[in-house]
Amino acid sequence: CMDELVSIFNKVKIDESHRTLPFVFLKGPLLGEMLYNPPEARTTSDIDLFIPLQYIPLAFDLLGKNGYQVNGVPLSKDMYELFINEDACKTLQHSHFRQATNGKCILEIHGTIFKYAPHITFNEHNLIAKSILEHSTTFAVNLCEYPYLDMTDLLLHISYHFCRHFIDNLHYNSCENKRSQEYEEIPFNKLHDVALLLNKFEKQIDYRLL
């Protein structure tokens with residue numbers, strides 16, 4: 001599925017300089033390959049992509065044309081507009097959109113590596129996205145290279161991911177004002193991701209930037 005996604009996004013040119021649609025993978029199977037032995041020790045149910053907000057409508061169109069659907073409806077730019085207004089308590093309040101599938105894998109598209117902050121404007125989110133992409137790297141698996149977060153941004157992202165799940169499991173769902181899923185187990189597996197990253201890639205993390 002990851003090879004297919006790279007192929008889909010690399011086929012489209014977004015400007016006259018022939019740049020392809022910018023994106024990086026988040027967590028997912030690549031984090032297993034990077035931190036765990038064997039990689040399958042870190043289970044994952046979907047593939048997460050980070051795409052700057054301004055390019056998500058284009059990404060939805062491309063994915064829809066390549067078989068990705070939500071509840072049987074192909075992804076499209078129009079569907080993206082509905083997601084922003086229907087799923088969020090407030091516009092730009094959620095960090096990712098509903099899961100889509102092509103029948104083989106489940107995909108989530110994120111417009112930020114953190115939760116949206118109401119005081120940050122759309123343009124400011126795009127500046128943050130630009131910084132993330134400028135720092136991004138690639139991670140190779142079986143001679144195939146995949147765009148991925150650099151170690152500093154990855155540490156921030158998986159630390160936030162642990163905290164969000166920890167808080168969600170203990171407190172109220174922020175949108176519906178009710179407890180989320182009957183107190184799931186505390187996500188120590190996500191804390192384990194953070195510990196392994198610090199152990200294996202400490203020298204590649206920019207602590208001054210943090």
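Okay, here's what the table says:
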{"quantity": "FRET E, pair Gln69, Ala140, Förster distance 30 Å, beta-carbon r, rounded to 0.05", "calculated": "0.45"}
{"quantity": "By average C-beta atoms within 10 angstrom, highest first, the peptides 48-55, 148-155, 60-67", "calculated": "148-155, 48-55, 60-67"}
{"quantity": "Interchain or long-range residues, amide H under 5 Å from Val141's placed H", "calculated": "Tyr146"}
{"quantity": "Pairs beyond 18 Å (Cα-Cα), from Lys27/Lys190; Lys77/Lys130; Lys11/Lys130; Lys11/Lys104; Lys130/Lys190", "calculated": "Lys77/Lys130; Lys11/Lys130; Lys11/Lys104; Lys130/Lys190"}
{"quantity": "Gained length - Glu16 relative to Thr43, 0.36 nm times residue gap less alpha-carbon distance", "calculated": "5.7 nm"}
{"quantity": "Virtual spin-label span in nm between Leu196 and Asp78, 7 Å along Cα→Cβ", "calculated": "4.3 nm"}
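Taken together, the values in this text are just the output of simple stated rules run on the coordinates, not laboratory data. Because the structure is predicted, anything quoted here is derived from the model rather than measured. Glycine gets a Cβ as well: all are built from the backbone with ideal geometry, and neighbour counts include every protein chain shown.
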